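Encoded as structure tokens, the structure appears first; notes follow it.
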Amino acid sequence: QVQLVESGGGLVQPGGSLRLSCARRGIIFGISTMAWYRQAPEKSRELVALISKDGSTNYADFGKGRFTISRDNAKRTMYLEMNSLKPEDTAVYYCYVRATSTYWGQGTQVTVSS
């Protein structure tokens, strides 16, 4: 059974940094896209960043210049490096994989507050 397990969330002060990880347990064939989404209270889930099979990346406007998505295929892990965090970045962050099926992690809470 395939699982996506996020880690790395927590409480950080404004201006701080966090590195989220998404580890894949089990084998997923035919991955085309991996991504990070987030959902703040009473808001819809939104795309944060994605990385395609060829390694190209795309970011939501709010993350450009602050967030970096990457992956380590050997470790079956995807990362989201977040810098210069703002209170409005507070949300549950989810990892997502699209292959022949789609997979979601359980989410990791990120809270940016002084």
Which members of the stretch 1-17 meet the condition of being open to solvent by 30 Å² or more (accessible area, probe 1.4 Å) and either over 17 Å from VAL112 (Cβ atoms) or in a strand (DSSP E or B) (or both)? GLN1, VAL2, GLN3, VAL5, SER7, LEU11
Looking only at the stretch 27-37, count how many residues are part of a strand (DSSP E or B) and in contact with a Lys or Arg (Cβ under 7 Å, 6 or more places away or on another chain). 3
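Considering only residues that are in contact with a Ser or Thr (Cβ under 6 Å, 6 or more places away or on another chain) and at pLDDT 95 or above, look in the stretch 21-35 and name the one that is nearest to VAL2 (Cα to Cα).
Restricting attention to the stretch 21-35, the residues satisfying the condition of being in contact with a Ser or Thr (Cβ under 6 Å, 6 or more places away or on another chain) are 21, 23, 30, 33.
Those still in the list that are at pLDDT 95 or above too: 21, 23, 33.
On the way: SER21: 16, ALA23: 10, THR33: 16 Å.
Among those that are in contact with a Ser or Thr (Cβ under 6 Å, 6 or more places away or on another chain) and at pLDDT 95 or above, it is ALA23.
Hey, among LEU50, LEU4, which residue is under 16 Å from GLY105 (Cα atoms) and in contact with a Gly (Cβ under 8 Å, 6 or more places away or on another chain)?
On the way: LEU50 fails: in contact with a Gly (Cβ under 8 Å, 6 or more places away or on another chain).
Just one listed residue meets the conditions, LEU4.
Residue-wise test of (1) closer than 17 Å to LEU18 by Cα; (2) exposed (fewer than 11 other Cβ atoms within 10 Å of the Cβ).
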| position | (1), (2) |
| --- | --- |
| LYS53 | no, no |
| ALA60 | no, no |
| GLY65 | yes, yes |
| SER70 | yes, no |
| THR77 | yes, no |
| LEU80 | yes, no |
| VAL92 | yes, no |
| ALA99 | no, no |
Filtered residues of the stretch 101-114 (kept if touching a strand residue (DSSP E or B) at 6+ places or on another chain (Cβ under 8 Å) and open to solvent by 50 Å² or more (accessible area, probe 1.4 Å)): THR102, TYR103, TRP104, GLN106, GLN109, SER113
Condition first: free of Cβ contacts under 8 Å to residues at least 24 places away in the same chain, small (Gly, Ala, Ser) and in contact with a strand residue (DSSP E or B) (Cβ under 8 Å, 6 or more places away or on another chain). Now tell me which residues in the stretch 1-52 satisfy that. SER52
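Condition first: assigned to a loop (DSSP other than H, G, I, E, B) and either of a type in the set (Phe, Trp, Tyr) or in contact with a Leu (Cβ under 7 Å, 6 or more places away or on another chain) (or both). Now tell me which residues in the stretch 98-113 satisfy that.
Filtering the stretch 98-113 for residues assigned to a loop (DSSP other than H, G, I, E, B) gives 99-101, 105-107, 113.
GLY105, SER113, listed by residue number.
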Of the conditions (1) closer than 19 Å to VAL112 by Cα; (2) in a strand (DSSP E or B); (3) not polar (S, T, N, Q), ARG24 fails just one. Which one is it? (1)
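The values are calculated or read from the model by the stated rules, or taken from the named source; none is laboratory data. Owing to the predicted nature of the structure, the values given are computational and were not obtained by experimental measurement. When we count neighbours, we look across all protein chains shown, and the Cβ atoms used for this are built from the backbone with ideal geometry, even at glycine. Only protein heavy atoms, including side chains, enter the accessible area calculation; ligands, DNA and RNA are left aside. Shrake-Rupley method; radii C 1.70, N 1.55, O 1.52, S 1.80 Å.
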